[in-house]
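Visitor: If you scroll down you'll find the structure; I have some questions about it.
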Amino acid sequence: MDATARTERRTAGRTRRILKDRLRTIAPFATLVFLVAFFGIASPSFLSFANLQNVLQQISITGIMAVGLTFVILCAEIDLSVAAIANVAGVVIAFFTVQDSSVNIANIPLSGGWAILLGFAASFLLGGVNAAATTMIGLPSFITTLAMLEIGAGICAVLVRGQIAYAVPPLIQTLGSGSIGPVPWIAVMAALVMLISHLVLRYTRFGRYVYMVGGNREAAEYSGVNVRWIVNSVLIISAVCSGFAGMLGVAHFGSAQQNEFDNYLLDSIAAVVVGGTSLFGGSGGIGETIIGLLVLGVLNNGLDHVSIDSFVKILIRGLILLAALIINIYAQRLRESGAAA
Amino acid sequence: MEGEQPKPLLELRGISKSFGGVAALREVDFTLSEGEIHGLVGENGAGKSTLMKIIAGVHAAYQGRMQLAGRPVSFTSARDARDAGIGMVHQELSLVPQLTVAENVFLGAQPLTRFGTVDWPRMRREAARELESLGIEADPAAILGTLPLGLQQLIELARVLFSGARIIILDEPTSALSPPEIERLFSLLRRLRESGRSIIFISHFLDDVLQISDSVTVFRNGRRIAHAAVPTIDKAWLIENMIGRDHGELADSYVNRVELRGRPETDVALEVEGLSLTGAFSDISFRLHSGEVLGIYGFMGSGQLELAKSLFGRRPAERGTLRLAGRPVRLSSTSRARRAGLAFVPESRRSMLFAQEPVYKNVSIAILDHIHRFMLRPARERTIAHARIGDLGIRPPSAEIRLGALSGGNQQKVALAKWLTRQPLVLILSEPTRGMDVGAKEDVVRIIRKVRDEGIGVIVISTEPETVLSLADRILVMKKGAMTREFAAQWVGKDELLAAA
Ligand SMILES: Nc1ncnc2c1ncn2[C@@H]1O[C@H](COP(=O)(O)OP(=O)(O)OP(=O)(O)O)[C@@H](O)[C@H]1O
Ligand SMILES: [Mg+2]
């Protein structure tokens, strides 16, 4: 083999290796660029400023939930109760706010601050139950949070009894549906949650432990990391994020009712996974989740701008999700074979 | 010297392999004859495992030629190599801890029924028979991950030995075994040789290599340095070729008898009384002084590895008391144990290290709370990691490299490095030199002595007499879960230890 051929092969090998290493982050980003370009060309209204605002608003609620879920998935756990807990928090603040006399629920009006506090307390508590069942009893988080999904739905049903409540505390009303200048408050809130979470994951000891527990739980344990405490924390963080999303969501939609957030469970898990955070824990982060959110947001919004049968839309979303899962698992295989080699 | 050998079964010519521009193998030639046991030795990172992975089809991209039975071959996957009759026991176990012993023995080759489903009864029966013929006492229905590392290693051996492979590669198969298992393994290897199989045997136990091999190849720095038939060479020759200079004292540092120092006049760092854990050990009592190295020796399954885990709060004991520096403690979790001043390196690297993370994060994980209460200080982490890389001679000397890219012995050094920065009261080391080359073992001896002289109480637990002898000031022997003998302030050698165990 002559020298040039050898160097060429070596560079080709290196490029391939870099591509392999980054597959999980490059693929979602490429998808995003492709989707934006595609919808931009297919529909002139897609790239308008107003629509951009729209996309931001649409992904904000999912975004806050997905951030909490990112913590959980980084730890190699799962939280299926995010939407249910969001629903509970939303219903709780409505329950503790004065409702119009036409709303026929036995609510207990408190001042806005208390209602918000109780909303957070409820989500914290439900997250705590998830955590206790997972780390103390030792059930898989898949099972505990599945049960919590039902429990949450039950709590909402009991509180609103099939009714719809409309009023929420004024602060939540502003944050959920107001805007400062051209920017919706809810997007600002989502950005804030993302920023804080990113800083926590990247720059704090706790954040490092989250990655290490997800990367190799046994090794974390042998390094003296309090693994239980970390798993407890991520499940509670996830629940509190969901609760916050739920309160804002109720203001955003202008109503609190049962099953209000059911679609959001799949969307938020999808955002995390499409973004490239490993389902096996230990790699990924908020940056990835943001890309995932944008992919899903652009896709959902863009499909509205081109005329496609709404049933086909569901199919397309499903296919994108499938592709993301395949890439996620394929990337994990590469990582593992890299580790063994 | 290769003239009168039988015909070559496997021939490699001019093999080169590099990882990201760093050469792991340079123009290596290697020949394996039919029916021979071929020893392979070299320092940590010399490229032994890399060459074996090329033969076993794990690394498909390399330069050079490979011939099997006279025909050129190029494997693109481990399956290819297996189909060609090549089986490998990896340095890092490649079994599935969640599956049962029987499933692991037949991994990827389960016996099937007529209907194409897995024939479970037959699988269990055959697994039981195969394990028994190897003298392995393991319930085929047990979950692999719950068994001690040495037993897992034997089961992986069983899997490859009985797969019918013509060429069997054993990459440090004895690193977690105790002398009786090693003897059993060797007699099995000899039987396999008789039946015409060829075996490549990698180990850092040079005595073992000389005992079992027909010929030995020495690697250094990615190059094949020497090859010779066994009767013509000795340990000094091996070491000289491995490290490239005369280093006579290394050769006999382990074989001789040693004089134990005995108990120092210092405070008691750890006092253990009546510790029991069902199925592992019972009524264990001893005292560890600060500034001494206490060796605990026992054969595989004597309960000493479980004792270590239990002391670190991983599997809390059911009965008994612990006192750390005079104060009674209850260690119900590892994080408590760490805060109380204990440090622990378990025998299994897989359960100690983060393969995907860079070296510095692996080193710093146990001391993050000392660096800062809440925040990360990556610059500090790197400084510390660099210091440890220097102390322990970790190669390549980079804090950024992914841990999984280090050679086996270098990974072990990182596992040790993790606890050396934090000044614990008591440092518990389970098989601390597993997989390290002779030079690195010397370094570890030096480092542990330094730690001891700083006043830390050190417990060294091992199934290798050499490890305990080279490190300990005082030795306790465990047998079937009980303490049976103490050696202190006296001369002792391998034979006495073996007799007591
Ligand atoms: N997957 C990988 N990526 C990058 N570098 C690697 C990889 N595998 C091995 N190396 C490097 O190749 C060199 C040879 O490693 P190898 O594992 O073959 O050593 P070894 O002789 O088996 O050592 P040991 O006795 O410690 O097991 C080392 O420098 C190692 O860091
Ligand atoms: Mg090796």
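Visitor: Among the helices (runs of 4 or more DSSP H) confined wholly to region A:193-290, which include 3 or more residues that are closer than 23 Å to A:Ile116 by Cα?
Guide: A:227-253, A:262-275
Visitor: If you don't mind, another one. Which residue pairs have Cβ atoms closer than 9 Å, lie 6 or more positions apart in sequence or on different chains, and pair a first residue in region A:26-37 that is without any contact (Cβ under 8 Å) to a residue 40 or more places away in the chain with a second residue that is not polar (S, T, N, Q)?
Guide: Note: pairs meeting the criteria are A:Ile26/A:Leu19; A:Ile26/A:Gly276.
Visitor: On the phi > 0 side of the Ramachandran plot and within 16 Å of ligand 2 (Cβ to nearest atom) - does that describe any residue in region B:473-489?
Guide: Within region B:473-489, none of the residues are on the phi > 0 side of the Ramachandran plot and within 16 Å of ligand 2 (Cβ to nearest atom).
Visitor: Checking the conditions here, which among B:Val160, B:Val209 is open to solvent by less than 20 Å² (accessible area, probe 1.4 Å), within 16 Å of ligand 1 (Cβ to nearest atom) and not aromatic (Phe, Trp, Tyr)?
Guide: Being open to solvent by less than 20 Å² (accessible area, probe 1.4 Å), within 16 Å of ligand 1 (Cβ to nearest atom) and not aromatic (Phe, Trp, Tyr) holds for just one of B:Val160, B:Val209, which is B:Val209.
Visitor: Let me ask something additional. What number of residues in region B:353-372 are at the interface with another protein chain (Cβ under 7 Å from one of its Cβ atoms), among the aliphatic types (A, V, I, L, M) and free of Cβ contacts under 8 Å to residues at least 60 places away in the same chain?
Guide: Adding up the residues that qualify gives 4.
Visitor: Sticking with this one: Looking at region B:43-82, which of the residues that are open to solvent by 50 Å² or more (accessible area, probe 1.4 Å) and in a strand (DSSP E or B) is nearest to ligand 1 (Cβ to nearest atom)?
Guide: B:Gln63
Visitor: Condition first: farther than 16 Å from B:Gln423 by Cα, within 11 Å of chain A (Cβ to nearest Cβ) and not in a loop (DSSP other than H, G, I, E, B). Now tell me which residues in region B:314-343 satisfy that.
Guide: Selection gives B:Thr334 alone.
Visitor: Tell me which of these B:Asn221 doesn't satisfy, since it passes every other one: (1) within 16 Å of ligand 2 (Cβ to nearest atom); (2) on the phi < 0 side of the Ramachandran plot; (3) of a type in the set (S, T, N, Q); (4) out of contact with any Phe, Trp or Tyr (no Cβ under 7 Å at 6 or more places or on another chain).
Guide: It is condition (2) that B:Asn221 fails.
Visitor: Quick check: is even one residue across region B:83-93 under 22 Å from B:Val58 (Cα atoms), open to solvent by 30 Å² or more (accessible area, probe 1.4 Å) and within 14 Å of another protein chain (Cβ to nearest Cβ)?
Guide: Scanning region B:83-93 turns up at least one residue that is under 22 Å from B:Val58 (Cα atoms), open to solvent by 30 Å² or more (accessible area, probe 1.4 Å) and within 14 Å of another protein chain (Cβ to nearest Cβ).
Visitor: Further question on the same structure: Within region A:263-280, does at least one residue satisfy the condition of being touching a Phe, Trp or Tyr at 6+ places or on another chain (Cβ under 8 Å), away from chain B (no Cβ under 14 Å) and within 28 Å of A:Ser48 (Cα to Cα)?
Guide: So far as region A:263-280 goes, no, none of its residues is touching a Phe, Trp or Tyr at 6+ places or on another chain (Cβ under 8 Å), away from chain B (no Cβ under 14 Å) and within 28 Å of A:Ser48 (Cα to Cα).
Visitor: Now, a different point. Can you tell me which residues in region A:184-202 are open to solvent by 40 Å² or more (accessible area, probe 1.4 Å) and touching a residue at least 60 places away in the same chain (Cβ under 8 Å)?
Guide: Passing the criteria: A:His198, A:Arg202.
Visitor: Here is a follow-up. If a residue must be over 18 Å from the mean Cα position of the chain (by Cα), of a type in the set (A, V, I, L, M, F, W, C) and more than 11 Å from ligand 1 (Cβ to nearest atom), how many such residues does region B:390-407 contain?
Guide: Number satisfying all stated conditions: 1.
Visitor: When the residues of region B:370-387 are filtered to those that are under 14 Å from B:Lys418 (Cα atoms) and open to solvent by less than 40 Å² (accessible area, probe 1.4 Å), which remaining residue is modelled with the lowest pLDDT?
Guide: Filtering first and then ranking leaves B:Ile371.
Visitor: Those residues that are within 13 Å of ligand 2 (Cβ to nearest atom) and in contact with a Ser or Thr (Cβ under 6 Å, 6 or more places away or on another chain), I need them from region B:32-66; list them, please.
Guide: Correct list: B:Leu40, B:Asn44, B:Gly45.
Visitor: Right, something else. Which members of region B:292-320 meet the condition of being open to solvent by less than 50 Å² (accessible area, probe 1.4 Å) and among the acidic types (Asp, Glu)?
Guide: Correct list: B:Glu292, B:Glu306.
Visitor: Is it the case, given these coordinates, that B:Leu131 is of a type in the set (A, V, I, L, M, F, W, C), surrounded by 18 or more Cβ atoms within 10 Å (Cβ to Cβ) and outside any loop (DSSP other than H, G, I, E, B)?
Guide: yes
Visitor: Are any residues in region A:105-134 in contact with a Ser or Thr (Cβ under 9 Å, 6 or more places away or on another chain), in a helix (DSSP H, G or I) and over 14 Å from A:Val240 (Cα atoms), and if so, which ones?
Guide: Listed by number, the residues that qualify are A:Gly112, A:Ala115, A:Ala132, A:Ala133, A:Thr134.
Visitor: Within region B:107-116, is there a residue that is surrounded by 14 or more Cβ atoms within 10 Å (Cβ to Cβ), more than 16 Å from ligand 1 (Cβ to nearest atom) and within 14 Å of chain A (Cβ to nearest Cβ)?
Guide: Within region B:107-116, none of the residues are surrounded by 14 or more Cβ atoms within 10 Å (Cβ to Cβ), more than 16 Å from ligand 1 (Cβ to nearest atom) and within 14 Å of chain A (Cβ to nearest Cβ).
Visitor: A further question follows. What pairs can you find where one residue is in region A:214-242 and facing another protein chain (nearest Cβ under 7 Å), the other is open to solvent by 10 Å² or more (accessible area, probe 1.4 Å) and assigned to a helix (DSSP H, G or I), and their Cβ atoms are less than 7 Å apart, with a gap of 6+ or different chains?
Guide: Close Cβ pairs satisfying both conditions: A:Glu221/A:Val227; A:Gly224/B:Arg338; A:Val225/A:Tyr209.
Visitor: While we're looking at this one, here's another question. Which residue out of B:Pro173, B:Pro140 is within 16 Å of ligand 2 (Cβ to nearest atom) and either assigned to a loop (DSSP other than H, G, I, E, B) or within 14 Å of chain A (Cβ to nearest Cβ) (or both)?
Guide: Of B:Pro173, B:Pro140, the one residue that is within 16 Å of ligand 2 (Cβ to nearest atom) and either assigned to a loop (DSSP other than H, G, I, E, B) or within 14 Å of chain A (Cβ to nearest Cβ) (or both) is B:Pro173.
The values are calculated or read from the model by the stated rules, or taken from the named source; none is laboratory data. Computed from a predicted structure; not experimentally measured. Backbone-built Cβ (ideal geometry, glycine too); neighbour counts: all protein chains shown. These accessible areas exclude ligands, DNA and RNA; they are computed on the full protein's heavy atoms, side chains included. Shrake-Rupley method; radii C 1.70, N 1.55, O 1.52, S 1.80 Å.
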